[in-house]
Amino acid sequence: MPQVTPRFSVLSEDFSADPYRHFAQLRERAPVHYEPVIDSYFLSRHEDVKRVLTDHEAFTTETLQVRAEPVMRGPVLAQMTGAEHTAKRGIVVRAFTGQALQDQVRAIHANAEEIMAPFLARGRMDLVNDFGKPFAVNVTLDVLGLDRRDARRVAAWHSGVAEFITSLDLTPERRRHCLECAEQLEAYLLPVIEDRRHHPGEDLISKLCTAEFDGIAMSNRDVTALIINVLAAATEPADKTLGLLFKHLIDHPGQLAEVREDPELLTAAIAETLRYTPPVQLIPRQAEEDTVFAGATVPAGATVFCVIGAANRDPAAFHAPDAFDIHRPDLGTARSFTAAAQHLSFGSGLHQCVGAAFARAEIETVAAMLLPRLDRVRFSPGFRYREAGLYTRGPVSLSLDFTPVR
Ligand code: HEM
């Protein structure tokens with residue numbers, strides 16, 4: 001089995017223009033693809049990716065020490081293991097599930113209403129830039145308990161943090177810029193953390209400040225890292241998923257009509273969007289021992305990237321994987337936002353996304369608000385669809401025309 005296909009590179013412009021065109025070749029001809037420039041392995045088969053994400057002894061999150069910690073200003077959830085991981089993950093999970101989730105749906109509704117209102121009357125909206133991005137940032141600020149008037153500043157710092165985590169080859173200048181963003185974000189958060197320690201409210205920052213681990217409150221560094229962790233993890237994939245959902249539905253008018261007719265189908269449409277075009281395309285791990293996949297060895301110490309988009313389109317896991325089909329029987333919609341999900345868009349195993357239920361509620365709520373208001377929705381004249389990103393990937397913009405709402 002060839003380990004490297006000559007001339008093929010996941011770092012090429014050709015690949016980043018449309019990775020989906022290359023996934024079959026990657027799975028079939030180079031399931032263990034080595035990228036010498038960044039000294040990393042890329043695994044693309046569903047079975048292999050699942051194994052990497054769930055074998056926590058052989059594949060650890062050590063790599064995040066260099067990939068994330070410098071901009072998170074401390075260790076993130078995904079780096080932790082054992083009792084510490086269970087306890088701190090539990091605090092975050094409680095803020096995003098159960099009654100807390102019900103309360104947040106109201107905030108999601110109010111945020112969405114406010115941001116979409118001016119565009120509805122115009123009959124044109126860029127779903128990504130006019131709506132999705134500000135919406136996802138505002139919702140996350142609300143959950144954290146940060147002032148929405150700071151949204152612009154926080155979004156700018158957040159984009160530096162995200163660039164650091166998701167770039168495979170950062171220049172020294174960009175690296176400096178990203179670290180500056182992280183430092184400014186940290187400086188902004190510290191007085192807020194101090195304040196919540198003395199005057200806690202119902203928000204996630206207050207819960208992090210008042211929670212104890214082994215009888216000891218978390219340090220400012222721990223709380224800062226978890227806040228930046230949630231900020232980075234929650235915003236980007238949510239706005240990308242919303243844009244991708246509408247792109248696929250407009251491309252498949254029959255399925256769009258069905259979802260309009262029966263909004264219950266939205267859950268399946270969102271799950272299928274996540275499978276078909278996962279917004280988080282790469283998940284990194286470090287191999288702790290030599291491991292053989294498809295006849296090729298990944299050596300101990302190597303950085304491994306799970307190629308989620310390719311795994312989700314593996315014919316060994318899904319029938320006709322390159323078709324967008326909200327009725328596909330092999331997806332298991334009900335399981336798609338749980339640990340038993342068949343697609344790998346939320347990861348798998350110990351570090352599977354803590355925000356899956358929240359993301360579902362968030363996207364379902366806004367999509368259900370948008371669909372009846374976007375009558376005769378279509379791409380704006382002259383609009384050219386483009387996606388960007390290797391690590392996280394989504395539409396650059398999505399300019400939509402529809403009947404103006406009076
Ligand atoms: C459609 C939306 C989302 C997608 C596709 C997504 C995807 C992912 C993936 C792939 C991971 C696993 C990373 C790994 O294994 O290293 C992850 C972890 C995580 N996600 Fe999400 N996410 C989404 C929304 C959210 C939201 C709304 C939150 C808000 C809390 C969130 C918070 C987190 C956190 C804190 C982790 C780390 C969990 C841990 O390591 O224990 N995500 N997410």
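When residue 317 is tested against (1) surrounded by fewer than 18 Cβ atoms within 10 Å (Cβ to Cβ); (2) away from the ligand (no atom under 15 Å from the Cβ); (3) hydrophobic (A, V, I, L, M, F, W, C), only condition (1) is not met. Taking the listed residues 117, 112, 136, 95, the one that is more than 23 Å from residue 284 (Cα to Cα), more than 13 Å from the ligand (Cβ to nearest atom) and touching a residue at least 12 places away in the same chain (Cβ under 8 Å) is 112, with no other qualifying.
Report those helices (runs of 4 or more DSSP H) wholly inside segment 22-80 carrying at least 2 residues which are of a type outside the set (Lys, Arg) and more than 16 Å from residue 228 (Cβ to Cβ).
In segment 22-80, the matching helices (runs of 4 or more DSSP H) lie at 23-29, 46-54.
Considering (1) in contact with a strand residue (DSSP E or B) (Cβ under 9 Å, 6 or more places away or on another chain); (2) within 21 Å of residue 388 (Cβ to Cβ); (3) among the basic types (Lys, Arg), the lone condition that residue 21 does not fulfil carries the number (1). Candidates are the residues of segment 213-240 that are over 17 Å from residue 76 (Cα atoms) and away from the ligand (no atom under 16 Å from the Cβ); the one that is surrounded by the fewest Cβ atoms within 10 Å (Cβ to Cβ) is 215.
Listed here are the residues, each with its yes/no results for (1) of a type in the set (S, T, N, Q); (2) in contact with a helix residue (DSSP H, G or I) (Cβ under 8 Å, 6 or more places away or on another chain); (3) closer than 18 Å to residue 332 by Cα.
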position: 246; (1), (2), (3): no, yes, no
position: 256; (1), (2), (3): no, yes, no
position: 265; (1), (2), (3): no, yes, yes
position: 268; (1), (2), (3): no, yes, yes
position: 273; (1), (2), (3): yes, yes, yes
position: 277; (1), (2), (3): yes, yes, yes
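Total residues in segment 369-405 satisfying the condition of being acidic (Asp, Glu) and either under 18 Å from the mean Cα position of the chain (by Cα) or surrounded by 13 or more Cβ atoms within 10 Å (Cβ to Cβ) (or both): the figure is 2.
Taken as a whole, segment 261-268 holds no residue that is of a type in the set (Ser, Thr, Tyr), in a helix (DSSP H, G or I) and crowded, with 24+ Cβ neighbours inside 10 Å.
Mind telling me which of the residues 12, 44 ends up being in contact with a helix residue (DSSP H, G or I) (Cβ under 6 Å, 6 or more places away or on another chain) and hydroxyl-bearing (Ser, Thr, Tyr)? Within the list 12, 44, the selection yields 44. Determine whether residue 123 is more than 16 Å from the ligand (Cβ to nearest atom) and touching a residue at least 24 places away in the same chain (Cβ under 8 Å). Answer is yes for this residue.
Checked against the criterion of being of a type in the set (Asp, Glu), in contact with a Phe, Trp or Tyr (Cβ under 8 Å, 6 or more places away or on another chain) and in a loop (DSSP other than H, G, I, E, B), segment 317-325 contains one or more residues that satisfy it.
Checked against (1) within 18 Å of the chain's Cα centre (by Cα); (2) within 13 Å of the ligand (Cβ to nearest atom); (3) of a type outside the set (Phe, Trp, Tyr), residue 100 passes all but condition (1).
Mind checking whether some residue in segment 151-169 is of a type outside the set (Phe, Trp, Tyr), surrounded by 16 or more Cβ atoms within 10 Å (Cβ to Cβ) and without any contact (Cβ under 8 Å) to a residue 12 or more places away in the chain? Among the residues of segment 151-169, not one is of a type outside the set (Phe, Trp, Tyr), surrounded by 16 or more Cβ atoms within 10 Å (Cβ to Cβ) and without any contact (Cβ under 8 Å) to a residue 12 or more places away in the chain, which makes the answer no.
All of the numbers you see were taken from the coordinates with simple rules; none came from a lab. Just so it is clear, the model here is predicted, and its values are computed rather than measured. Don't worry about glycine lacking a Cβ; one is built from the backbone with ideal geometry, like all the others, and counts go over all protein chains shown.
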